[in-house]
Amino acid sequence: MATTARERLAGLLGDGEPGGSFCAELLAPAHLLQLEVAGVGPVSLPVRAPLAKKLIAVARSAMFGRGEQTLTDTSVRDTWEITPDQITLDGLGWAALLDRALEHFRDELGMPRTTRLRAEPHSMLVYGKGQFFLPHQDSEKDDAMVGTLVVSLPSAHTGGELVIEHAGQTRAYRASKVELALLAFYADCRHEVTPVRSGYRVTLTFNLLAAAETPVAEAGPATELAHCLTEHFTTPATARYGGRDLGTPNRLVFLLDHEYTQGGLNWRRLKGTDAQRAALVRAAAEQAECEAVLALADVKETWDAEPSGSASWDDYDYYEDEDGDPGDYQIHSLIDAEITLGWWTSPDGSGGEPISLHVPDHEVCACTPSADLDPYQSEYEGYMGNYGNTLDRWYRRAAVVVWPRDRAFAARAEAGSQWALHELRYRIEAGDLEGARVAAESLAPFWKRTVTRAGLLGAALDVAAGLDVAETAAMLLEPFRVETLAQEHAGGLAAAAGRYGREWARNVIDGWFGAGHRYGTDRHEWIDRLPELCGALREAGTPEAASLLVAQAWQWMDGQLRSWTTTARTEFRQPQLEMLSSPLTRLLEAADKALCDETTTALHEYEDTVLECLMPALRSAHPQPSAGLDAVARDCSQRLSAIIATPPRDEDDWSINWTGCGCDRCDTLGTFLRSRSRRIFEWPLAKAGRQHVHTQIDSAGLPVRHQTRRQGRPYTLALTKTDALFTRANNARQQAVTDLAWLASAWSDASART
């Protein structure tokens, strides 16, 4: 199968000379170091037991970091720590030794020769018998920190090996009995100190800080890589599992091998082979008329896997080791990979910004597969019947992200809609209206799925009005929901609506209310703020926009009322109708006279259950009713009077007026329900029929108890009309009397005209 341009690019970068190791060691004579510790005095080398005990006497139990916390837990880290302010380092040869060692480690670790390393003292550690430090990864305590330097002081001890792991490789180091053993390794390497079996292990630790100029790549390899980039950005990609055309890639994401912090992600502080490869990619990008940035990526891979040594019938088990972490697995094939960029720098490497950008696999390449690195989290899902066995692994990797310079705006905008709107507004204000229009049009393929922050509506309205292109302006505003529109946006909406006209505003507002948008109680809360928003729009000179918003709000309210007033079950219906009461009063307050009349006319047509919304609305508006509520009060008074005037049900009248779906079973049920005298019905009925009748009774909220007697074939469905048939009507009449009395006192004009 032919290789893609990105695969050839990864191959070219991987074929270069080895870029150094992840760790390196250097031995030196012990007499070059003179060391004093406060409270102990000079430390003679090699360190013997009596001196080690004195050092422990002035030390504290060592701490370690876990997330944002700094903890002391001897089950994780058991050693003694002396802080840098207690230590004095000197000696005629120490400074020269350290300078030579830092140059040695720079070269051995594969850093560019322009890099200057500096060692910052961190602590002195003393390990006694049985003490250890479990596998861990050093936190980068400074943005310039790239690694750790450990200087093991000579002493007679066994155990206490320093074991370092990275990308599937492991190195173990023992201290010397007579010499200084200097060991440097990158900060993202996992490492541990094995338990000391006898004697004392004593070390000095330093943070390795790097300062450097940007590495310069060779012209030859960069030129070949530039050809790969050009081909990558001009050749349509295809899906991993099939020949579907995905279009030309928007970017190329080259994954690096090491981890970095946000502050430490910089072209001048890349580690090992990362520095060389990133420099080559950056040089190639320049030749190919592309931009390059550094980014932090979160990688999730899902593998077909099973626990090592397990039998096929053991797949239901979840395997963990003693620490609760997933154990070893036999990995078979990659099922899926997800890569999300969460942070990137500016092209020159200065500063950075949080982003959220999913990267498809046809835009990604790497020299080192993620599976060869150490995941920061693993999760095994055993066989579940329809899927499994799967192993999910998560990795943190840095990356070089490249895109064509002529697509730079869209490439950055897809990851940061706030940045895009800021840049568009800047171009408009700078007079580059044509450039702003072209850039805005390039957002169309992804803008709707990119904008997730409600707080961007104000900026989007400003840009939409400034572009003076109706179609593009509508596209920028399409992703927002009406609930994000607030009083402070009135000026922006008025400006845009004034520029593009009523029909444009209608289409935009219709889209904000669209069926594709989810809403909950925030729609109710938004309508509660509608009068102030409409007032601001009218003051801004756009009463048409206010009318459109209120009309759409009423259309939504009308649909809600029609749905809930026809819901039979009181326990579902009543809370929803009561929740609509406050929005209804506020909507009438925001509406003009024509819409008020339309609304009150429509309310008059609803079933009497609408009282469960209208009466709370009248109570919440009293004593300062808005326009339209007088008509609502009159309607309520008429409904309540009619309920009170309805003659009570005869004590022997058990009839229930109900119409079912029209099937034979519903016809039989309806005949029983309409009977005045028949209260109990014993009905032999198969399971499907019983289920249908149960559903019909429950959904209609009928006062009928239904139970299945499991005797004979088919079972018998026993239906019994309950006393709720009478109590419901009596309760409704009593509530009507109470409500009408309140209306008579609070809304005297309305009741007088009833």
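The values are calculated or read from the model by the stated rules, or taken from the named source; none is laboratory data. As the structure is a computational prediction, the values presented were derived from the model and not from experiment. Please note: Cβ atoms are built from the backbone with ideal geometry, for glycine as well, and neighbour counts cover all protein chains shown. Note: areas computed on protein heavy atoms with side chains; ligands, DNA, RNA excluded. Shrake-Rupley method; radii C 1.70, N 1.55, O 1.52, S 1.80 Å.
Scanning the stretch 329-367 for residues that are surrounded by 15 or more Cβ atoms within 10 Å (Cβ to Cβ) and part of a loop (DSSP other than H, G, I, E, B) turns up Thr345, Pro347, Gly349, Gly352, Pro360, Cys367.
Listed by first and then second residue, the pairs linking a residue in the stretch 650-666 that is without any contact (Cβ under 8 Å) to a residue 60 or more places away in the chain to a residue that is open to solvent by 80 Å² or more (accessible area, probe 1.4 Å), with Cβ atoms under 6 Å apart and 6 or more places separating them unless they lie on different chains, are Asp653/Arg676; Ser655/Arg674; Ser655/Arg676. Test Leu577 against the criterion of being among the aliphatic types (A, V, I, L, M), part of a helix (DSSP H, G or I) and over 30 Å from Thr695 (Cα atoms), and give yes or no. In short, no. Looking at Thr727, Thr695, Thr708, Thr720, just one residue is open to solvent by 20 Å² or more (accessible area, probe 1.4 Å), among the β-branched types (Val, Ile, Thr) and either under 18 Å from Thr659 (Cβ atoms) or touching a Gly at 6+ places or on another chain (Cβ under 9 Å) (or both), and that residue is Thr695.
The selection criterion, being touching a Cys at 6+ places or on another chain (Cβ under 6 Å), surrounded by 14 or more Cβ atoms within 10 Å (Cβ to Cβ) and either at pLDDT below 90 or farther than 21 Å from Glu571 by Cα (or both), holds for Gly660. Under the condition of being open to solvent by less than 10 Å² (accessible area, probe 1.4 Å), out of contact with any Pro (no Cβ under 6 Å at 6 or more places or on another chain) and among the aliphatic types (A, V, I, L, M), the residues counted in the stretch 578-598 number 4. I want to confirm something. Restricting to the stretch 552-577 and keeping residues that are aliphatic (A, V, I, L, M) and surrounded by 16 or more Cβ atoms within 10 Å (Cβ to Cβ), which single residue is nearest to Ala732 (Cα to Cα)? This residue is Leu577. Restricting the stretch 419-457 to residues that are open to solvent by 80 Å² or more (accessible area, probe 1.4 Å) and under 18 Å from Pro479 (Cα atoms), which is modelled with the lowest pLDDT? Only one residue fits best here, namely Thr452. Within the option set Trp683, Trp654, being buried (at least 16 other Cβ atoms within 10 Å of the Cβ), of a type outside the set (A, V, I, L, M) and within 30 Å of Gln734 (Cα to Cα) holds for one residue only, Trp654. Here is a check on your reading of the model: is Gln137 farther than 26 Å from Ala59 by Cα and open to solvent by 20 Å² or more (accessible area, probe 1.4 Å)? Here the answer is no, as Gln137 does not meet what is asked.
Thr668 falls short of the stated requirement of being of a type in the set (Ser, Thr, Tyr), open to solvent by less than 30 Å² (accessible area, probe 1.4 Å), modelled with pLDDT of 90 or more and farther than 24 Å from Arg573 by Cα.
Return yes or no: is Ala486 over 24 Å from Gly435 (Cα atoms), among the small types (Gly, Ala, Ser) and either in contact with a strand residue (DSSP E or B) (Cβ under 8 Å, 6 or more places away or on another chain) or surrounded by fewer than 17 Cβ atoms within 10 Å (Cβ to Cβ) (or both)? For Ala486, the condition - over 24 Å from Gly435 (Cα atoms), among the small types (Gly, Ala, Ser) and either in contact with a strand residue (DSSP E or B) (Cβ under 8 Å, 6 or more places away or on another chain) or surrounded by fewer than 17 Cβ atoms within 10 Å (Cβ to Cβ) (or both) - is met. Output the residue which, of all residues in the stretch 711-754 that are at pLDDT 90 or above and among the charged types (D, E, K, R), is nearest to Pro623 (Cα to Cα). Only one residue tops the list, namely Asp739.
Matching residues to (1) farther than 30 Å from Ala288 by Cα; (2) modelled with pLDDT under 95; (3) outside any strand (DSSP E or B):
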site	(1), (2), (3)
Gly388	yes, yes, yes
Arg397	no, yes, no
Arg407	no, yes, yes
Ala415	no, yes, yes
